[in-house]
Amino acid sequence: MNYTRRTWLTAAGAVGFSTALTRCGGGDPLAPATTDAASATLADAARSRRTPPTVVSGTTGRIVIVGGGMAGLAAAKYLRVWGGSGVQVTLIERNPSYTSNILSNLVLTGQRTISSLVYSYATVKQNYGVDIRQGTVVGIDPVNKKVTLADKSTLPYDRLIAAPGVVFDVLPGLETDAARSRVVHAWQAGPETTILRNQLLAMPAGGTFVMTIPASPYRCPPGPYERACVVADWLKRNKPGSKVIVLDANAGIQAERHTFETAFAGLFKGIVEYVPSAAVNSIDTGPSRILVNSTMGTVIGDVVNAIPPQRAGKIVLDSGLANAVGGWAGVKAATFESTAAAGVHVIGDSCSAGIPKAGHIGNQEGKTAADAILRAFRGLAPDTDLVVNSACYSPITASTASWLTAVYQYDASTGSYKIVGTGPSEAASPTSDGYSQMNKWFTTLMGETFA
Ligand SMILES: Cc1cc2nc3c(=O)[nH]c(=O)nc-3n(C[C@H](O)[C@H](O)[C@H](O)COP(=O)(O)OP(=O)(O)OC[C@H]3O[C@@H](n4cnc5c(N)ncnc54)[C@H](O)[C@@H]3O)c2cc1C
C-alpha cells in the first residue's frame, strides 16, 4: 500500500481533487456556495490541499476500533490508507453488516427498502487489510490498554477509537417490551423502521401520526423535521384527511428552519401541526389509541413515533468516558482524544466536539482521528489546520429535497471548532434537482466509507 491522501482520493473515484475544493465539500470556505452534492463528501480535501501527507514507511502501532458505523469505519480505512501495512487495525462491530440511518425516512414512505440501506464490511476488510471482527466490546481498560469482548477475550491496543453511536433513553410509559413495540423510535435504522412503516400502512385515513423530538443535542438535527415532511407527504396522497402532530422539546426547529417552516406552513398546511417546547412527560399505550402527555398538553395518536433523548454509546458510558454535559464524551477537538482517558479517541455521535451529530461529519471525524493517531505514532504534533464540514440532504416530498451545509474551522486559540461565515447555508427551496443530488451524495458518501 503506497497511497498519498491525495492520490487515494482520486483513485477512489469519488470526486476529483479540484472539484472537492468547493464550499459544499468544505474544502474552501471562501469559495462560492454550491449544491453539487458529490463534492460534499470530500471535506478532508481541505486538509490535503495544505500538506498532503504521504505514507511514512515504518509507522507501526496497534489500533482497536469499537463500532463499524459512519465514523468508526472511516477511521479504520484511513488508518490503513495513510498508515501503511505496519499499522494494525482491528475493528470490533456487533452486527454482521451496517444499516444506514441516512435515507431511512424513505423506508417509511416505501421509496426505499431497508435492504437497500444495508452495507457490507467485506470491501474494507479485503481492500484495506482492516481486521474486522464481529463481537461486542463490554469493557475498556485505558490503564492497561486493552478491551474486553462479550466472549471474555481481550485485545491489547496502543490507541483505541470508540465509535459506538448513541443509546436511547427509555421514555416514561415505555418501560416494557410490549409498550416499546407499539411506540418505536426508528432512530436506529433496522427492525423499528419496518415496524413504523407497517404502522403507517395500517393507520386509518383521517388518523393522527404523532412524533416527538427530544431536546438537542440528538443524532441528525434536521432528521425529525425531514421525517415529519415525508410522512405528511405520504399521508396526503395515501391516507387523506390524516394529520401529523410534531411535539418538539426544543423551543424551535433545530436545523433548516426556513425549509421546514415553509413546508409546514405551505405544502403541509392543515396536515402538520408543529408544537414547540413540548417535552414528553409520559406515554400511555392504551388498548387502541396512544396518549402522549407533554408539557404543552396531551395528544392522542393512532401511530406514535417517539424519538427519545440520546446519550453516548453504552460502552462509552460504562467506561467513564462520558464526562461532558448530557452524557456525551468530552474530547480534544483537534484529535478527538478523550479528555477522560489518554490514548482513547471518541468519534461520531458519541462525542461532544461542538459540531453536529451526523454521518457525513462522523466520516470526517474518523479521518481526523486517524491522522492524529498516525502523527502521534510518528512522534509528530497533531495537525491544527483543520476544516470539517457537515452536509445533509432532506427529502421533503417524494420527488423533492433540500440541503443544508456548514463549514467548521478549528481554532487553536480556543481549542474548538468555529463555524465559518454567518452560519449554515440551506437550499432556497426543495427541488427535484435536489432530490437527484441527494441520491448522488448518499452513494458517494457510503461508497467513500464502505468501499
Ligand atoms: C432518520 C435519520 C436520518 C439521518 N440522515 C442523515 C443525513 O442525511 N446526513 C448525515 O450526515 N447524517 C444523518 N443521520 C445521522 C447519522 O446516521 C449518524 O450521525 C451516524 O450514523 C453516526 O455515526 P456513528 O459512527 O457515530 O454511529 P453509527 O453509525 O450508529 O455506528 C455505531 C456502530 O457501533 C456499533 N456498536 C455500538 N456499540 C458497540 C459495542 N459495544 N461493540 C461493538 N460494536 C458496537 C453499532 O452496532 C454500530 O454499527 C441520520 C440519522 C437518522 C436516524
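Among the residues that make up the stretch 150-162, is at least one of them away from the ligand (no atom under 15 Å from the Cβ), buried (at least 17 other Cβ atoms within 10 Å of the Cβ), outside any loop (DSSP other than H, G, I, E, B) and modelled with pLDDT of 95 or more? Lay out the reasoning, then the answer.
Step one: list which residues in the stretch 150-162 are away from the ligand (no atom under 15 Å from the Cβ), which gives 156, 158-159.
Add one more test, that the residue is buried (at least 17 other Cβ atoms within 10 Å of the Cβ), and what stays is 159.
Now restrict to residues that are outside any loop (DSSP other than H, G, I, E, B): 159.
Of the ones still in play, those that are also modelled with pLDDT of 95 or more are 159.
The answer is yes, given that some residue of the stretch 150-162 is away from the ligand (no atom under 15 Å from the Cβ), buried (at least 17 other Cβ atoms within 10 Å of the Cβ), outside any loop (DSSP other than H, G, I, E, B) and modelled with pLDDT of 95 or more.
The single condition from (1) within 26 Å of the chain's Cα centre (by Cα); (2) surrounded by fewer than 21 Cβ atoms within 10 Å (Cβ to Cβ); (3) away from the ligand (no atom under 12 Å from the Cβ); (4) not in a helix (DSSP H, G or I) that LEU171 fails is (2). Of note, PHE264 does not satisfy the criterion of being buried (at least 23 other Cβ atoms within 10 Å of the Cβ) and of a type in the set (Phe, Trp, Tyr).
Screening LYS440 against (1) assigned to a loop (DSSP other than H, G, I, E, B); (2) under 27 Å from ASP233 (Cβ atoms); (3) of a type in the set (D, E, K, R) leaves a single unmet condition, (1). Checking the stated criteria, ALA251 turns out to be hydrophobic (A, V, I, L, M, F, W, C), open to solvent by 20 Å² or more (accessible area, probe 1.4 Å) and more than 20 Å from ASN198 (Cα to Cα). Elements of the type strands (runs of 3 or more DSSP E) sitting completely within the stretch 240-345 and holding at least 3 residues that are closer than 28 Å to ALA163 by Cα: these cover 310-312, 329-332. A single member of GLN188, GLN199 is touching a helix residue (DSSP H, G or I) at 6+ places or on another chain (Cβ under 9 Å), more than 25 Å from ASP371 (Cα to Cα) and open to solvent by 20 Å² or more (accessible area, probe 1.4 Å), and it is GLN199.
Taken over the stretch 365-392, residues that are modelled with pLDDT of 95 or more, within 16 Å of the ligand (Cβ to nearest atom) and not β-branched (Val, Ile, Thr) amount to 5. Within the stretch 300-312, residues that are farther than 20 Å from VAL325 by Cα have Cβ atoms under 6 Å from residues that are of a type in the set (A, V, I, L, M) and open to solvent by 10 Å² or more (accessible area, probe 1.4 Å) in these pairs: ILE300/LEU291; ALA306/LEU171, counting only partners at least 6 apart in sequence or on another chain.
Of these, ARG289, ARG311, which one is more than 30 Å from VAL420 (Cβ to Cβ), of a type in the set (D, E, K, R) and either touching a Leu at 6+ places or on another chain (Cβ under 8 Å) or more than 16 Å from the ligand (Cβ to nearest atom) (or both)? Write out each step before concluding.
Values: ARG311 fails: more than 30 Å from VAL420 (Cβ to Cβ).
Being more than 30 Å from VAL420 (Cβ to Cβ), of a type in the set (D, E, K, R) and either touching a Leu at 6+ places or on another chain (Cβ under 8 Å) or more than 16 Å from the ligand (Cβ to nearest atom) (or both) holds for just one of ARG289, ARG311, which is ARG289.
Restricting attention to the stretch 234-248 and to residues that are within 16 Å of the ligand (Cβ to nearest atom) and not aliphatic (A, V, I, L, M), the residue that is most open to solvent (accessible area, probe 1.4 Å) turns out to be TRP234. Taking (1) within 19 Å of ASN439 (Cβ to Cβ); (2) among the hydrophobic types (A, V, I, L, M, F, W, C); (3) open to solvent by 30 Å² or more (accessible area, probe 1.4 Å) in turn, LEU106 satisfies each apart from (3). It is to be established whether one or more residues within the stretch 346-357 are at pLDDT 95 or above, open to solvent by less than 20 Å² (accessible area, probe 1.4 Å), in contact with a helix residue (DSSP H, G or I) (Cβ under 6 Å, 6 or more places away or on another chain) and away from the ligand (no atom under 16 Å from the Cβ). No, that holds for no residue.
So that you can scan it fast, the table gives a plain yes or no per residue for (1) crowded, with 21+ Cβ neighbours inside 10 Å; (2) within 16 Å of the ligand (Cβ to nearest atom); (3) at pLDDT below 90:
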| site | (1), (2), (3) |
| --- | --- |
| LEU9 | yes, no, yes |
| LEU30 | no, no, yes |
| GLY58 | no, no, yes |
| GLY61 | no, no, no |
| VAL64 | yes, yes, no |
| VAL81 | yes, no, no |
| GLY86 | no, no, no |
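Restricting attention to the stretch 398-416, the residues that are touching a residue at least 40 places away in the same chain (Cβ under 8 Å), within 16 Å of the ligand (Cβ to nearest atom) and open to solvent by 20 Å² or more (accessible area, probe 1.4 Å) total 3. Select from the stretch 210-233 the residues that are open to solvent by less than 30 Å² (accessible area, probe 1.4 Å) and away from the ligand (no atom under 15 Å from the Cβ) and list them in ascending order. Matches in the stretch 210-233: VAL210, ALA232, ASP233. If the condition is being closer than 10 Å to ALA333 by Cβ and not in a loop (DSSP other than H, G, I, E, B), then the stretch 405-417 contributes TYR408, TYR410, ASP411, SER416, TYR417. Checked against the criterion of being closer than 30 Å to ALA412 by Cα, open to solvent by 30 Å² or more (accessible area, probe 1.4 Å) and at pLDDT 95 or above, the stretch 290-306 has no qualifying residue.
The values are calculated or read from the model by the stated rules, or taken from the named source; none is laboratory data. As the structure is a prediction and not an experimental result, all values here were calculated from the model. When we count neighbours, we look across all protein chains shown, and the Cβ atoms used for this are built from the backbone with ideal geometry, even at glycine. Keep in mind that these areas ignore ligands, DNA and RNA; they rest on the heavy atoms of the full protein, side chains included. Shrake-Rupley method; radii C 1.70, N 1.55, O 1.52, S 1.80 Å.
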